[in-house]
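Novice: Mind having a look at this structure? Questions to follow.
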Amino acid sequence: MFFETTACVTYAFHATYRFAGVPGVLKSVGNEIVSEFLGFCKREKISLCITETVREEGLSKLPEIVNRYFDRARIRSPTVRESVFIKLRTRYTQLAALSKFDIVESDLAKVSALYTSFLKNPELRARLIKLKEKKPTRKGLLPSQTDIQILGEAVTLNLKNRVCFVTDDDDYIFFKNEIKQNLGVDIIELLELRSFAQTLISRHK
Amino acid sequence: MIKVKIPERGWIPLYALQILGKIPTATKMQKLVFLVQTEGKIDGYRFYKNHYGPFSDELEVDVRSFSQSLGLMQTQIVEGAHYPYYVYQPTHKGQQVIGQFMVENVPDDVRERAESLIKKYGSKNYKQLLEYVYKKYVIPKETFEETYSHLTDDLSSLNSIWTNWYRDDCAASFLILAVVEYCSKALSKVKATNEPVLQGVCASSISELTGKIMDLTAHWKSPEECPFSFKTIFSEISDQINFIDHFCGRQGIIGNIAEIDFSDFINEEELRRLEDVLAQTRPSELMY
């Protein structure tokens with residue numbers, strides 16, 4: 001299982017706290033699903049891959065994601081933000097440490113060529129435009145270099161092992177069929193992990 | 001024979017490194033040299049003891065010079081449990097240079113006093129050293145009120161500046177605002193305790209941290225960009241943050257940052273709003 005950054009970050013979003021002495025847990029949408037799935041992978045001895053690129057991207061993004069949640073909730077307290085951030089970062093690095101792979105060569109050219117080809121197809125181009133609207137800081141229509149790099153790493157690994165690419169990023173989900181068809185990598189949507197695990201179990205039987 | 005010119009005072013940190021093999025954290029380096037000089041009655045670096053320290057700019061500059069220009073020591077940034085920190089080690093060249101310097105310039109009785117203190121305090125970690133120094137050397141009860149008043153002013157100014165400079169993708173502004181809020185809360189809680197030792201240690205450690213943040217803030221001129229790389233700023237101030245966090249947690253003044261009780265900082269309605277936003281928003285929606 002190749003865990004892409006959004007999957008790792010979703011797993012990390014689970015922080016215990018105390019409020020007036022009473023314990024509680026803060027967790028994001030999808031956190032339980034990923035956590036359960038990781039437990040499933042552990043039980044079934046399925047290898048995890050979290051590459052250095054994913055690890056670094058997630059760690060650098062965590063503070064801003066924490067800030068954006070707090071800004072949306074209109075909560076200022078930077079100490080509470082830092083407290084949550086410390087817990088998420090610990091959880092994130094513990095997850096990354098489970099990876100069987102680390103530095104992986106990326107087949108950048110193949111992935112770049114695929115996304116560039118989408119620009120020439122009106123239907124696929126429309127999907128890229130829709131994606132750009134969802135990602136306000138994106139300058140062009142194509143995904144970031146890091147996103148391309150990460151998928152390229154999965155493509156390289158897929159040459160030797162069957163890779164399932166677990167993600168919650170629409171840059172990949174919007175093109176899951178094209179990616180499977182052209183690069184051979186299965187894109188697994190994070191919110192569908194429960195049914196994916198069921199499929200794996202029934203196949204195994 | 002290697003000829004390298006070092007300042008006369010420079011033998012103290014280099015000799016400490018030679019004896020100990022390595023010194024983890026910038027704070028331990030500072031406090032160790034301070035104790036060797038103070039308790040060994042040895043001339044060397046000037047340390048500021050009041051609002052900012054005991055801390056020596058001269059020592060900081062020498063350490064940089066020994067590491068970056070003269071190749072006498074190596075400085076690494078190591079990932080800590082919460083924040084990165086510095087680790088210093090002597091190079092082969094550094095060991096040769098200090099050996100030669102000691103023979104030529106440092107009298108035996110001075111060397112012996114220094115060696116005994118380096119061994120005595122070198123086995124302690126930086127948190128133990130900080131607590132010892134703050135308890136023994138800094139802020140008598142009578143001056144706590146004055147220090148408290150200066151500190152609350154400084155923290156309030158820092159809060160205004162960094163609130164203005166806050167950007168959600170700027171890790172430095174996020175960290176500094178957290179430290180400022182946490183220190184303000186810790187100070188007000190320790191003031192209410194009327195415990196002179198706790199007050200002295202807290203005020204001293206918060207003074208030193210505030211001084212460092214004031215320095216970093218004064219040298220930063222462009223609020224449009226995140227001012228420091230993540231690792232650099234953390235390494236500059238992480239020892240002090242870790243100490244305050246650890247000390248306040250252990251003394252029951254306020255929980256350490258990771259274990260604070262949220263009710264000290266936010267109300268119940270805010271907590272509910274946060275839970276709601278988390279329950280409605282996927283992290284990937286905020287990663288653009």
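Derivation of every value follows stated rules applied to the coordinates shown; laboratory data play no part. These figures come from a predicted structure and were not determined experimentally. Cβ: placed from backbone, ideal geometry, glycine included. Neighbour counts: every protein chain shown.
Novice: With every atom except the alpha carbons ignored, what do you get for Rg and Dmax of the stretch A:50-205, in angstroms?
Specialist: Cα radius of gyration and Dmax of the stretch A:50-205 are 17.4, 52 Å respectively.
Novice: Further question: Just to be sure I follow the rule: in the stretch B:139-286, considering lysines 8 or more places apart or on different chains, how many pairs have Cα atoms under 24 Å apart?
Specialist: So the count of such lysine pairs works out to 10.
Novice: Now, a different point. Among B:ALA178, B:ALA258, B:ALA203, which one moves the most in a GNM of chain B with springs linking Cα atoms closer than 10 Å?
Specialist: Sorting by GNM fluctuation, first place goes to B:ALA258.
Novice: Highest mean first, what order results for B:128-136, B:180-188, A:112-120 on Cβ atoms within 10 Å?
Specialist: Numbers: B:128-136: 19.0, B:180-188: 21.9, A:112-120: 14.2.
Those peptides, ordered most packed to least, come out B:180-188, B:128-136, A:112-120.
Novice: Then there is this: Is there a pair in A:LYS110/A:LYS135; B:LYS31/B:LYS127; A:LYS87/B:LYS135 whose C-alpha atoms are over 21 Å apart, and which pairs would that be?
Specialist: Values: A:LYS110/A:LYS135 24 Å; B:LYS31/B:LYS127 10 Å; A:LYS87/B:LYS135 31 Å.
Listed pairs above 21 Å: A:LYS110/A:LYS135; A:LYS87/B:LYS135.
Novice: Stokes-Einstein diffusion coefficient for chain B at 4 °C in a medium of 1.567 mPa s, Rh from the Kirkwood formula over Cα pairs: what value in µm²/s?
Specialist: Values: Rh = 20.7 Å.
Rounded, D is 63 µm²/s.
Novice: Can you give the angle from 0 to 90° between the axis of helix B:11-20 and the longest principal axis of chain B, with both taken from C-alpha atoms, to the nearest 10?
Specialist: 80 degrees
Novice: Looking only at other chains, what is the average number of their beta-carbon atoms within 10 angstrom of each beta-carbon in B:161-169?
Specialist: 3
Novice: If you don't mind, there's one more thing I want to ask. Based on the alpha carbon coordinates of the stretch B:139-286, what radius of gyration and maximum Cα-Cα distance (Dmax) apply, in Å?
Specialist: Computed over the Cα atoms of the stretch B:139-286, radius of gyration and Dmax are 16.6, 54 Å.
Novice: Further question on the same structure: Classify the stretch B:8-123 as rounded, prolate or oblate from the Cα gyration tensor: take a ≥ b ≥ c as the square roots of its eigenvalues, call it rounded if a/c is under 1.5, otherwise prolate when a/b beats b/c and oblate if not. Don't skip to the answer; put the middle values down first.
Specialist: Values: a/c = 1.57, a/b = 1.16, b/c = 1.36.
In terms of gyration-tensor shape, oblate.
Novice: If you count, for every residue in A:9-19, the Cβ atoms of partner chains within 10 Å of its Cβ, what is the mean? Mind dumping the intermediate values first?
Specialist: Details: counts 5, 3, 1, 1, 3, 1, 2, 2, 8, 7, 8.
Taking all residues of A:9-19 together, the mean is 4.
Novice: Sticking with this one: Can you give me the P(r) profile for the protein assembly as shown? Cα pairs, bins 20 angstrom wide beginning at 0, each as a whole percent.
Specialist: Final binned percentages: 21, 44, 29, 6, 0.
Novice: Which of the three applies to the stretch A:21-134, rounded, prolate or oblate, going by the alpha-carbon gyration tensor with a ≥ b ≥ c and a/c under 1.5 meaning rounded? If you can, show how the numbers build up before the last one.
Specialist: On the way: a/c = 2.15, a/b = 1.34, b/c = 1.60.
Here the stretch A:21-134 falls in the oblate category.
Novice: Let me ask something else. Scan around A:LEU48 for amide H atoms under 5 Å from its own, H built in the peptide plane at 1.01 Å from N, and keep only partners 5 or more places away or cross-chain.
Specialist: HN-HN under 5 Å from A:LEU48: A:LYS100.
Novice: Which lysines, if any, have their Cα less than 18 Å from the Cα of A:LYS132, not counting same-chain residues under 8 positions apart?
Specialist: A:LYS120, A:LYS176
Novice: Further question on the same structure: Treating only the Cβ of Lys, Arg, Asp and Glu as charged (+1, +1, -1, -1), what charge dipole size does the protein assembly as shown show about its Cα centre? Round to the nearest 20 debye.
Specialist: Numbers: 64 positive and 64 negative charges, 215 e Å.
That gives the protein assembly as shown a dipole magnitude of about 1040 debye.
Novice: Something else now. Give me A:VAL163, A:VAL84, B:VAL103, B:VAL110 sorted ascending by neighbouring Cβ count inside 10 Å, so fewest comes first.
Specialist: On the way: A:VAL163 20, A:VAL84 23, B:VAL103 9, B:VAL110 17.
The fewest-first ordering by Cβ neighbours comes to B:VAL103, B:VAL110, A:VAL163, A:VAL84.
Novice: Inside 10 Å of the C-beta atoms of B:256-269, what's the mean count of C-beta atoms belonging to other chains? The partial results should precede the final answer.
Specialist: Details: counts 2, 6, 10, 6, 7, 7, 13, 6, 6, 8, 8, 2, 2, 1.
Going residue by residue through B:256-269 and averaging, the value is 6.
Novice: Next up: With all distinct Cα pairs included, what does the Kirkwood hydrodynamic radius of the stretch A:115-179 come out to in Å, to one decimal, could you say?
Specialist: On the way: mean 1/r = 0.0790 Å⁻¹.
Averaging 1/r across every pair of different Cα atoms and inverting gives 12.7 Å.
Novice: Shifting gears a bit: Rounded to whole Å, give me the distance from the Cα center of the stretch A:181-205 to that of the stretch B:228-288.
Specialist: Computed from Cα coordinates, the inter-centre distance equals 36 Å.
Novice: Here's something else I'd like to know. Using alpha carbons only, how many degrees (0 to 90, rounded to 10) separate the axis of helix A:193-204 from the longest principal axis of chain A?
Specialist: Long axis of A:193-204 versus the principal axis of chain A: about 60 degrees.
Novice: So for A:THR5, B:THR143, fewest C-beta neighbours within 10 Å to most, what's the order?
Specialist: Working: A:THR5 27, B:THR143 13.
Ordered by Cβ neighbours within 10 Å, fewest first: B:THR143, A:THR5.
Novice: Please list the non-local residues whose amide H lies under 5 Å from the amide H of B:LYS124, H modeled 1.01 Å from N, same-chain partners needing a gap of 5 or more.
Specialist: The answer is none.
Novice: Taking Cα atoms, how many degrees apart are the long axis of helix B:26-40 and the longest axis of chain B, rounded to 10 and kept between 0 and 90?
Specialist: 50 degrees
Novice: I would also like to ask the following. Could you line up A:ARG81, B:ARG46 from fewest to most neighbouring Cβ atoms inside 10 Å? Can you show the working numbers first?
Specialist: Working: A:ARG81 23, B:ARG46 13.
So the residues, fewest neighbours to most, are B:ARG46, A:ARG81.
Novice: Please work out the FRET efficiency for the pair B:GLN100 and B:SER69, using the Cβ-Cβ distance as r and a Förster radius of 25 Å; give the result to the nearest 0.05.
Specialist: Values: r = 19 Å, r/R0 = 0.74.
With a Förster radius of 25 Å, E is 0.85.
Novice: Points 7 angstrom from Cα along the Cβ direction at B:GLU275 and B:ASP169: gap in nanometres?
Specialist: Placing both labels 7 Å along Cα→Cβ, they lie 3.3 nm apart.
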